[in-house]
Amino acid sequence: MKKNSSSEMKNVVLYGIGGIGEDIAYNLFYMFFIFFLTSVAGINPAAAGTISLIAVMWDAVSDPIIGYLSDRCKGWKDFGKRGTFILFGAIPLGLSVFLLYNDVPLSGTGKVAFFILVNIAFWMFFTMVDIPYVAMATEITENYDVKTKMRTSVLLFSNLGQMVLSFGLLQFVDYMAGSGYADAFIWRIVGAAMGLISTVTFMCVAVAMRGKELKQPETAESGEKLPDSHNKGELMQALKGLLKMHDYRILIIIGLVYNLYLGIANSSLLYYSLYSCGLTMAQSSVAQSVSLLISLFLITPVGELIVKFGKREVMMWSFVLMVISSLVCWLTAPSLVVFAVVNVILNVTSSVFWIDIYAMNFDVSALYEFKTGKNCEGFMVSICAFMTKVGVAVGMWLNGILMTLFNVDPTSEVITEDMVGGMQKIFGLIPAVISGVLVVACLLYRVKKEHILALTEASELKKAGKPYSTEGFEKLL
């Protein structure tokens, strides 16, 4: 038992390393891409938001297909079906991150077209790596609590990546700008460095998890031969079957709406600190870093709360906290203290969401597999991930539209009262309304820990060909 426990903990830690690359690639985009487009590349806010929105249309095709293919991939050598995708997608992902932050010498239309194409490439390769990475947790272990610990490990390492972005990157940009270097050159270095980190950490996971995936791709648990991965009819049939499940629909809605909130909050965070709170770039960097350090110490206790009280309960109360913090931003005078406190809440609630959302997908996936005999974790995660990207892209697009509507001009040398008040509405009022919707959605989600424990016991009996009962989770079926 001690050996097994030690092996599980090793897997938890090694798997979590990928959180660094995941966070840097993902949040570099959501925190700084619109800022880069508007302040460095000279693209207006509305067009910058539209660039992200157009790229998500491609994800409507690529996300489900990659998830579906990773479910049925035979794997290369002994890297497993998930590890193979991570291994071959890591380098193209890093290159696309680099290209995202290159201000090319093109005309207005040509520049917009360039960033649309690079954005599409970035999301395609991020999906190729991240969907299998998330789904890999359920291939490494079938233990309910260990899966939650693996997601907690990801968040711990993600916060290290976030430290790089919130402190290291902003301090680097401020230092280089103060030394007289051109903004375009500075951001080109940022893209190259962040792309390299993303590539290296994901490849480390692929190598570390080599040979550790438990399930075989050739057959489903029921013994049926898995369908051809290129069978479009089978793909649509699986999608229809999943969407018939009440709790999976709720998860998709939660993923979409939360990331709508996140898209607005993350892309307006820097503007709120500079315009409404009157901070310098360096002060904003320090405030975000201190908030992140506090959040980092809270992640493990948060993970323990989730294991103890359940995913839905902790997630719901985190959404309530989001409502309160957003209202504080809207109704109180902007200041360094308000900005720092709200940052802590934003980071902690984000940790709760990212620990929970995919672990909740695993729970619903187990229900689907029990009911149909088919393993669709990757496909289910890809649909949910696609909805999170739609939410963030729409949020970023809305942020650009709202900035234009409220006369927030990033190129202006003078900060007007309209800009201060406008950013308070964008960063406070609108996120408060969205957070309220999330609280309601969370109440409609029915799956609890006791349901999954009963399901796990019944599944083991079913696989062993012994009599089993659905008592305790029959309503979920």
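Can you check what the net charge comes to around Lys425, using other residues whose Cβ is under 13 Å from the Cβ of Lys425 (Lys, Arg +1; Asp, Glu -1)?
For residues surrounding Lys425, the net value is -2.
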Roll a 1.4 angstrom probe over the protein heavy atoms and tell me the percent of accessible area of region 7-130 that is carbon or sulfur. 75
At 222 nm, what helix-only mean residue ellipticity would the chain give, in deg cm²/dmol to the nearest 500, using -39500 (n - 2.57) for each DSSP H run of four or more? -26500 deg cm²/dmol
If you project the alpha carbons of the chain onto their three principal axes, what span does each projection cover, largest first, in Å? 74, 44, 43
Region 356-372 and region 250-286: distance between their alpha carbon centers, rounded to Å: 30
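Tell me, what is the FRET efficiency for Phe185 and Lys466 to the nearest 0.05, using R0 = 45 angstrom and their Cβ-Cβ distance as r?
0.10
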Where only protein heavy atoms count, and the probe is 1.4 Å, what is the accessible area per residue for the chain in Å²? 40
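With a cut-off of 8 Å between alpha carbons and a minimum separation of six or more residues, what is the relative contact order of region 384-477 in percent? Show your work: numbers first, answer last.
Working: 37 pairs, mean separation 15.8, N = 94.
Value for region 384-477: 17 percent.
Using only alpha carbon pairs under 8 Å that are at least six residues apart, calculate the relative contact order of region 280-417 and give it in whole percent.
24
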Estimated distance in nm for a label pair at Leu444 and Ser335, the labels positioned 7 Å out from Cα along Cα-to-Cβ: 4.0
Here is the link list: Lys81/Lys111; Lys425/Lys475; Lys111/Lys389. Which ones come out longer than 32 Å on Cα distance? Lys81/Lys111; Lys425/Lys475
Counting Lys +1, Arg +1, Asp -1, Glu -1, what net charge surrounds Leu274 among other residues with beta carbon under 14 Å of its beta carbon? -3
Once His451, His246 are ranked on solvent-accessible area with the largest value leading and a 1.4 Å probe, the list reads His246, His451
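The values are calculated or read from the model by the stated rules, or taken from the named source; none is laboratory data. Only a predicted model underlies this, so the values are computations on that prediction, with no experimental measurement involved. All Cβ positions, glycine included, derive from the backbone under ideal geometry; neighbour counts span all protein chains shown. Accessible surface areas use protein heavy atoms only, side chains included; no ligands, DNA or RNA. Shrake-Rupley method; radii C 1.70, N 1.55, O 1.52, S 1.80 Å.
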